[in-house]
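Before I ask anything, here is the structure I am working with.
The values are calculated or read from the model by the stated rules, or taken from the named source; none is laboratory data. The model shown is predicted, which means the values in this text are computed figures rather than measured ones. Cβ sites come from the backbone with ideal geometry, for glycine too, and all protein chains shown count toward neighbours. Side chains are part of the model used for accessible areas, which takes the heavy atoms of the whole protein and leaves out ligands, DNA and RNA. Shrake-Rupley method; radii C 1.70, N 1.55, O 1.52, S 1.80 Å.
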Amino acid sequence: MSVRHAYDRWAASYDTNRNLTRDTDAAAVRRALAGRRIARAVEAGCGTGKNTPFYASLAEHLLSLDFSEAMLARARASVRDAHVEFRQHDLAEPWPVAPGSVDLVAFDLVLEHFDGLDGVLGEAARACRPGATLWISELHPMKQMQGSQARFATPDGREELVAAYVHHASDFVRAATAAGFALRTLDEWWHESEARDVVPRLLTLEFLRGG
Ligand SMILES: C[S@@+](CC[C@H](N)C(=O)[O-])C[C@H]1O[C@@H](n2cnc3c(N)ncnc32)[C@H](O)[C@@H]1O
């Protein structure tokens, strides 16, 4: 099953399934980026809009992109702010954004679905103005290597895995640096219910676009 088709099927239960990774990401991005004030942001792979109200609170204009129409339909239904624009778009294709026009590009739990990072991070770099922020939050690669993967239960009770690839911290840093970003922070996160003596659940990286 393609990633797009999988998310079209997952959309109905994405917000209500037990999903500690989704919830850890929601907490992490709010802690890491709170208080920023920017003009234009792109939320790359917005899904059902879990983080859209938060990004909308930072930016004067937010473009939220996703290729799953079913995920987007949920986001559109829950976020109706005039300064938020939703568009169905495959992030592997050139983005509908003017070069150098964006102050923040955010990927939350999206890049694991990309086999290679160079093309998509190159497109993020093209969109960003000098000094802009690139935010990446991903299921931790060590967690992936322990068998964690995006998955959902179908209405008939089967479990579907969504195709995913392992990217190590150094892969993100190498690809983002090659695209023109410099690393600002790297963090690891656990769900609030987890002790820190287990593998971290989430890896986050914040980069700044060079000029
Ligand atoms: C795990 S969900 C995360 C959604 C949201 N960012 C969040 O944190 O809840 C991954 C999202 O990425 C989207 N996605 C994956 N690959 C994509 C691509 N090539 N182009 C656009 N969207 C993509 C999926 O449709 C899905 O909505």
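Only one residue in Val84, Val102, Val79, Val97 is more than 15 Å from the chain's Cα centre (by Cα), farther than 26 Å from Arg31 by Cβ and of a type in the set (Val, Ile, Thr), so which one is that?
Val97
Also: Take region 92-104 and flag every residue that is within 22 Å of Ser137 (Cβ to Cβ) and open to solvent by 50 Å² or more (accessible area, probe 1.4 Å).
Of everything in region 92-104, just one residue is within 22 Å of Ser137 (Cβ to Cβ) and open to solvent by 50 Å² or more (accessible area, probe 1.4 Å), namely Ala92.
Quick check: is even one residue across region 194-207 surrounded by fewer than 18 Cβ atoms within 10 Å (Cβ to Cβ) and not in a loop (DSSP other than H, G, I, E, B)?
no
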